[in-house]
Every structure is written in C-alpha cells, then in structure tokens.
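Encoded as structure tokens, the structure appears first; notes follow it.
The values are calculated or read from the model by the stated rules, or taken from the named source; none is laboratory data. Keep in mind that this is a model prediction, so the values were computed, not measured. When we count neighbours, we look across all protein chains shown, and the Cβ atoms used for this are built from the backbone with ideal geometry, even at glycine. Ligands, DNA and RNA are excluded from the accessible area calculation, which covers all protein heavy atoms including side chains. Shrake-Rupley method; radii C 1.70, N 1.55, O 1.52, S 1.80 Å.
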Amino acid sequence: MTQSVDRVVLPPAFPDHTQLPDSDGTFVKNFQEHPQSLILTDSIGQILQQRHPDGQYAIGQDCGIYWRETEPAEQGAEAPDWFYVPNVPPNIDGQIRRSYVLWREHIAPLIALEFASGNGDEERDRTPLSRTDEGGVTKPGKFWVYERVMRIPYYGIYQVNNGRLEVYRLIDGYYQLLELNQRGHFPIAPLGVELGLWQGSYQNQTMLWLRWWDEGGNLLLIGDERAQLERLRGEQQRERAESAEQARQAEFQARRDAIPRLLGMGLSAEQVAEALSLSVEEVTENAGE
C-alpha cells in the first residue's frame, strides 16, 4: 500500500538588489545633497581603507535600504542621504549595488545621515509600524525604522536651512542624543572620527558643510585639498632648497673675497686655505681678486 505525500510549496525567495526598485521616483530635496555626500565620502576614504584593507565596506548615497517586504516594494525601504556599512562587499557577484537589502546581508549600517531641507520632523518621525482597524498598514517613521528595526548605531540629522546638527547613538536599544565634545564635534568612536560642521566653499557653494575630523581634531581632507597641500609642500621645499643654495653660494663668495685680504696680511696660501676650508688651488686662483 502506497501513501501519498503532500507536496510542500515553499514561498518565493526574498528578492535581491537586482529585483528591487532603486528609486521611488521622488526628487532630490536640494542642490546641496549631492556635493554634501561627495565631501563626506571623499574625505573619509583614507580612514576606511585603513580599517578595511580588504576593501570590504559599502557607502550608500540616497540609496534604498530594504528592511521589509511590501507591495509596492519601495514602501519597505528607507533611503538615507548617506550611510556606511562595514564588512560587506562593495559589489555583489561583480555587479554594482542597486540598493542595500538588509534581509539578505543582515549587517546594519554603522551610521546613517539625513540632510533635512525642512525642520527635521520627517527625520525625527517615531511613528511605529502598525495596522489600522481597516487592515491597512501605517507607514512607520524614519527614526523608528533606524532605531527599532535596522538598529543603526549612529544616526545624524543635519538641518540645512539653519545649520543644526543632531547625532544620536543607539544605547540599550534606543537612540540617545550625543553631546558635543570640547571641539564642538560629535565623536563616532568605532570609526575613530568626529563629525561636525565646517564653513567653507566646495563645488561653487559656500555654506556650512558636514565634515569629518580625526580623533586629534585634524580635518580630514578631500582630494582637492590634499592636492593643494601637496603643491604647497612642494613649493616650500623648492624655496628652502633655493634658499640653501643661495646661502651656500653667498658663503663661498665671502670666503673667496677674504683671500686677498688674508694674503695681504702675510699669511701663506696654505694658511689661508686651512682658515677658509678651501684648497690651495682655489686660494691661488682667487688671489688677485
């Protein structure tokens, strides 16, 4: 007697980054977002290369982090303006990342930053995920998602309009507002850096920018700044070399000028040569000057 075995139908696998939308169709909120992201990525590159000599890290700029499967799919994602994820490959199977799929990689970003065009209410929204009486789902707020689901250790909100920066640290499962250190920066201890505001010009815009400093309070430079510094160092080295050569020539000429005077005092060529650290031939050649 044979028994029939019920066929087990498995649910479809969670989609990966190639199957999920890489945009929700919204506009970038302001003209500062793109250069602001670039200045953060460029300046912290050397730090990340030191911490990840194997190159295993990823930086997202206004890219979706998928944390929940929804329909449509983009409603289950949040897109920080800038975030860094340690210990993950920058590409997947040789393909450029379209998004970061948290349910597949299981490593939360270490830090996420939002550049708020308004008053920051959207970025501080603590609305939890819940169901309505009609069976619908309430869209959760960014703050709640980063804190309670993704559990991102550091979360920064920069209000572009008034130059206000808030940085939160995840402690015992909840975000707590960090205090500024004596330099007016927020320490990001796991990275060995500090985050703060810098007044200056970048890509034809002069304003307050989010910048990184090292633990000693030294500004982490972007590529253009590093190149300018190297040019300045090169010019200083050339100037020092030219000054040293000019000084050497002046000192040598002064010794040559002293030869006739010393010979006139009755010193021999050998005595003059010894006194001026010259050869007898040099003394003889310049005796009549």
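A few points about this structure:
- Sorted on the mean count of surrounding Cβ atoms within 10 Å across their residues, most packed first, peptides 90-96, 39-45, 109-115, 168-174 read 109-115, 39-45, 168-174, 90-96.
- Magnitude of the charge dipole, the chain, Cβ model with Lys/Arg +1 and Asp/Glu -1, debye to 20: 640
- Volume per residue for segment 125-186 equals 96 cubic angstrom (convex hull of Cα atoms).
- Across q = 0.16, 0.22 Å⁻¹, segment 147-277 modelled as identical point scatterers on its alpha-carbon atoms has Debye log10 I(q)/I(0) values of -0.94, -1.25, in the order of the q list.
- Simple spin-label estimate for L38 and S117 in nanometres, 7 Å along Cα-Cβ: 1.9
- Convex hull of the chain built on C-alpha atoms - directionally averaged projected area, nm²: 31.4
- Efficiency of FRET between E230 and T132 - r from beta-carbon atoms, R0 51 angstrom, step 0.05: 0.30
- Backbone phi angles across segment 200-211, fed through the Karplus curve with coefficients 6.51, -1.76 and 1.60 (θ = phi - 60°), yield HN-Hα couplings of x, 10, 8, 6, 6, 10, 10, 5, 7, 10, 6, 9 Hz in residue order; Gly and Pro are listed as x.
- Just so you know, the Cα atoms of segment 27-141 work out to an Rg and Dmax of 15.9, 53 Å.
- Sites listed here are GluC sites (Glu not before Pro) in segment 161-205 whose DSSP assignment is loop and whose Cβ has at most 11 other Cβ atoms within 10 Å: E179.
- Exposure ranking of F186, F252 by accessible area [1.4 Å probe, largest first]: F252, F186
- The chain, relative contact order [Cα under 8 Å, separation at least 6], %: 11
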